[in-house]
């Protein structure tokens, strides 16, 4: 891998981590396009760098909220911010169980080829389309108030404990390559009747702990593997990190605005087109 490959993959990670189009799926697609055959320790190191960059992007863009939550939680204030962090921790339980006990089994069962990526992209498209139709009143799942009328997601409720766990289960399912984590969790929150802006922020914050946990597992795997014959090198690592971080900051801010405006249907159309291309490939 040279610096240009790292630049492209960093760009893809920065965009696809926040936009509901699946970062894992698009990284696999572009590795195929670029003809990159990195594996083992090298692949783990580079993926670790890219994910660390997007975690930093989330913290930077949501810093006022992130700082307030950390202060409240670590000083045990028992206010709404303290319980918000507790809801985030609750949402991390399902994906933590999958990551610790079933990660290797999932990889072995589904693999990471373009066929599974294409199928999961189509599933992402269905989820996004379903959430859009529900949000705009074209379909009806449940009533949100006593008179039987449906409240749009932009005027919906705050995230409850039950919602946190269900959104966490959606995140656990999204470990499949091509199934967008942000798309799955945001769509699930909207379908539960939560406010769009609340769901978007919750979705981006809830991924920080699983990514850090996955990083620890990756470090363990790297320590257990023999050294690769050819390292990726420092320059591609730096370029990949900086690109993913800078693009991630822009994509995170952009996605927060798009979710508020309810524009997810365009990503559904993109995912179904890209999914069909991957399946036919």
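Values in this text are rule-based calculations from the coordinates and carry no lab data. Remember, it's a predicted structure, so these values are computed and weren't measured experimentally. FYI the Cβ positions are ideal-geometry reconstructions off the backbone, even for glycines, and counts take in every protein chain you see.
Brief remarks follow.
- Percentage, to the nearest whole number, of Cα pairs in segment 1-121 over 18 Å apart: 65
- Put in line by how crowded their Cβ is, counting other Cβ atoms within 10 Å and starting with the fewest, 216, 264 read 216, 264.
- Fewest-first ordering of 18, 132 by other beta carbons within 10 Å of each residue's beta carbon gives 132, 18.
- Working note: Cα atoms of segment 65-123, range along each principal axis, descending, whole Å: 48, 25, 15.
- Sequence of 33, 166 once ranked by neighbouring C-beta atoms within 10 Å, starting from the fewest: 33, 166
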